[in-house]
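K.L.:
A single structure is presented below for examination.
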Amino acid sequence: MEREAMPAAAVRVRVPSKVNLFLGIRGVRDDGYHELVTVLQTVSLHDTVTARLDLDGRTAHPASRRFMHLDFTADNGAAGELPVDEGNLAVRAARALMAHCGIGSADGQEQDHDGPVTRLHLAKRIPIAAGMAGGSADAAAALVALNALWQAELDGAALREMAAELGADVPFCVGGGTALATGVGTSTAQVLTRGSYHWVVGVSNEPLATPEVYRAYDRIAAPSGIEPDAVLQALRTGDAEALGAALHNDLQAAAFHLRPALVARREAVLDAGALGAMVSGSGPTIVGLARDLMHARRLAAALEDVFDRVEVAVSPAGGPELVEA
Ligand code: ATP
């Protein structure tokens with residue numbers, strides 16, 4: 001008789017954050033969502049999501065259609081408030097996958113069933129509410145980890161579909177790499193890139209809520225009409241100088257309006273010798289492009305007193321990576 005393969009008891013996924021190398025706003029839809037054209041690239045500032053199946057004497061195979069309990073914990077190594085309840089995007093992703101597999105509800109309401117426990121743990125390093133899609137990255141990591149742990153066997157397309165329900169940046173975070181996103185950001189196409197880029201990442205412990213930045217944009221800014229062509233061309237040729245000159249973010253003015261201190265911090269990155277510098281996404285993180293790793297390290301040393309936290313990172317940084325099974 002053939003024995004059923006034993007499921008993995010634990011999986012660990014390392015997931016990168018992102019920068020928007022280009023972010024252009026094309027208009028506002030009737031429902032209030034902004035239409036974007038954006039070039040996203042993953043950067044090597046990572047969170048780690050671990051998922052562990054605790055059968056505790058129970059016999060359920062994770063792929064069997066039994067009720068699953070979810071226990072979520074987090075270790076916050078980034079400054080800032082991290083929800084550790086149903087509000088965490090990793091938990092919302094887990095609930096969505098549970099509902100899809102028929103082993104729990106999307107809102108986690110039915111807790112009194114008997115069943116195995118999945119322990120989901122988030123080790124947080126990506127700055128929070130900082131324009132680096134940390135929450136979206138964690139949602140993507142949870143989907144990838146639990147898809148493996150529960151042997152749910154969703155393929156890439158199905159995972160991205162579920163991801164789109166969780167947030168605009170989540171489908172990109174599932175795939176990683178470099179992508180051109182349009183619409184409200186969920187429609188993505190991979191972009192051809194050459195080489196890698198080294199960054200100094202300047203973190204400010206003054207969170208900016210993305211909706212607040214869009215509201216400020218609506219009040220004070222107008223679409224620039226700038227196209228992503230120069231960024232795409234620089235990526236095709238692997239030309240860091242050209243990329244530095246082409247970096248563009250239509251939301252930067254709104255972030256500066258809400259956090260005026262960021263203006264001088266960006267200037268400091270340029271004065272230190274970066275090839276280009278801008279607010280990442282909705283901010284307040286400022287990224288500066290360096291010529292190479294040594295240059296990025298020199299920039300980081302020079303900018304230590306300008307930001308609350310300074311990191312050196314490389315892009316593109318792949319996607320969610322199963323590092324342990
Ligand atoms: P984006 O670049 O996609 O606009 P962001 O990087 O600015 O996002 P996040 O770090 O993703 O912002 O967090 C935005 C908010 O989402 C936080 O203020 C926090 O309350 C909530 N949140 C929920 N889950 C998470 C998570 N796993 N990590 C970080 N924030 C989370």
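The values are calculated or read from the model by the stated rules, or taken from the named source; none is laboratory data. Nothing here was measured: the structure is a model prediction, and the numbers come from that model. A quick note on method: Cβ atoms are made from the backbone with ideal geometry, for glycine too, and the neighbour counts reach across all protein chains shown. These area figures cover heavy atoms from the full protein model, side chains too; ligands, DNA and RNA do not enter into them. Shrake-Rupley method; radii C 1.70, N 1.55, O 1.52, S 1.80 Å.
K.L.:
Examine the stretch 126-142 for a residue that is within 16 Å of the ligand (Cβ to nearest atom) and among the polar types (S, T, N, Q), and state whether such a residue exists.
P.N.:
yes
A quick yes/no check of all residues on (1) more than 8 Å from the ligand (Cβ to nearest atom); (2) buried (at least 19 other Cβ atoms within 10 Å of the Cβ):
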| site | (1), (2) |
| --- | --- |
| THR73 | yes, no |
| GLY80 | no, no |
| HIS121 | yes, no |
| ALA145 | yes, yes |
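K.L.:
Here is a further query. Within the stretch 86-98, can one find any residue that is at pLDDT below 95, closer than 22 Å to VAL323 by Cα and touching a Leu at 6+ places or on another chain (Cβ under 7 Å)?
P.N.:
No, the conditions are met nowhere in the stretch 86-98.
K.L.:
Report, by residue number, each residue of the stretch 185-202 that is open to solvent by less than 40 Å² (accessible area, probe 1.4 Å) and not in a strand (DSSP E or B).
P.N.:
GLY185, VAL191 - these are the residues of the stretch 185-202 that are open to solvent by less than 40 Å² (accessible area, probe 1.4 Å) and not in a strand (DSSP E or B).
K.L.:
Looking at ALA96, ALA157 in this structure, which one is over 19 Å from LEU55 (Cα atoms) and within 16 Å of the ligand (Cβ to nearest atom)?
P.N.:
The unique qualifying residue is ALA96.
K.L.:
Next up: Can you find even one residue in the stretch 228-251 that is closer than 13 Å to SER204 by Cβ, within 16 Å of the ligand (Cβ to nearest atom) and within 22 Å of the chain's Cα centre (by Cα)?
P.N.:
No; the residues of the stretch 228-251 include none that is closer than 13 Å to SER204 by Cβ, within 16 Å of the ligand (Cβ to nearest atom) and within 22 Å of the chain's Cα centre (by Cα).
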